[in-house]
Amino acid sequence: MVQAGTPVGAISESGLFSIMLSNGSDIRNKKIQEVIEPAYRLVAFDTAVERISSLISRENGAVLAKDDSGNFHIVTEI
């Protein structure tokens, strides 16, 4: 989620599963503010892949890279 050009949160599959498993709730009707997680870490668009791979973990499943046009790109381990 981006507000005023700044990432403020993210929603991930693992985060949704964690919510479902921790309290058995049905997430289908939850609002975004109920399932949002902290924003992914922001890296420079020219960051080396080797460096990016060291930032992605089970707790942090992706990073964001912002290009020269101001567009954000999600980079995952896949």
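Points to keep in mind about this one:
Yes or no, residue by residue, for (1) of a type in the set (A, V, I, L, M); (2) surrounded by 10 or more Cβ atoms within 10 Å (Cβ to Cβ); (3) more than 15 Å from THR76 (Cβ to Cβ); (4) touching a His at 6+ places or on another chain (Cβ under 7 Å):
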site	(1), (2), (3), (4)
GLN3	no, no, yes, no
GLU13	no, no, no, no
ASN23	no, no, yes, no
LYS31	no, no, yes, no
ASP46	no, no, yes, no
ILE52	yes, yes, no, no
ARG58	no, no, no, no
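- Any pair with Cβ under 8 angstrom, 6 or more apart, that starts in segment 2-17 at a residue that is within 11 Å of PRO38 (Cβ to Cβ) and ends at one that is part of a strand (DSSP E or B) and open to solvent by 70 Å² or more (accessible area, probe 1.4 Å): PRO7/LEU42; VAL8/VAL2
- Selection status of ILE74, under 16 Å from the mean Cα position of the chain (by Cα) and not in a helix (DSSP H, G or I): yes
- When residues of segment 60-74 are limited to those that are without any contact (Cβ under 8 Å) to a residue 24 or more places away in the chain and within 16 Å of ILE11 (Cα to Cα), the one surrounded by the most Cβ atoms within 10 Å (Cβ to Cβ): VAL63
- Checking each residue in segment 1-54 for being in a strand (DSSP E or B), modelled with pLDDT under 90 and among the β-branched types (Val, Ile, Thr) picks out VAL2, THR6.
- Unique residue being aliphatic (A, V, I, L, M) and at positive phi when the list is ALA10, ALA48, ALA4, ALA62: ALA4
The values are calculated or read from the model by the stated rules, or taken from the named source; none is laboratory data. Quantities reported herein were computed from a predicted structural model and do not represent experimental measurements. All Cβ positions, even for glycine, are placed from backbone atoms using ideal geometry, and neighbour counts span all protein chains on display. Keep in mind that these areas ignore ligands, DNA and RNA; they rest on the heavy atoms of the full protein, side chains included. Shrake-Rupley method; radii C 1.70, N 1.55, O 1.52, S 1.80 Å.
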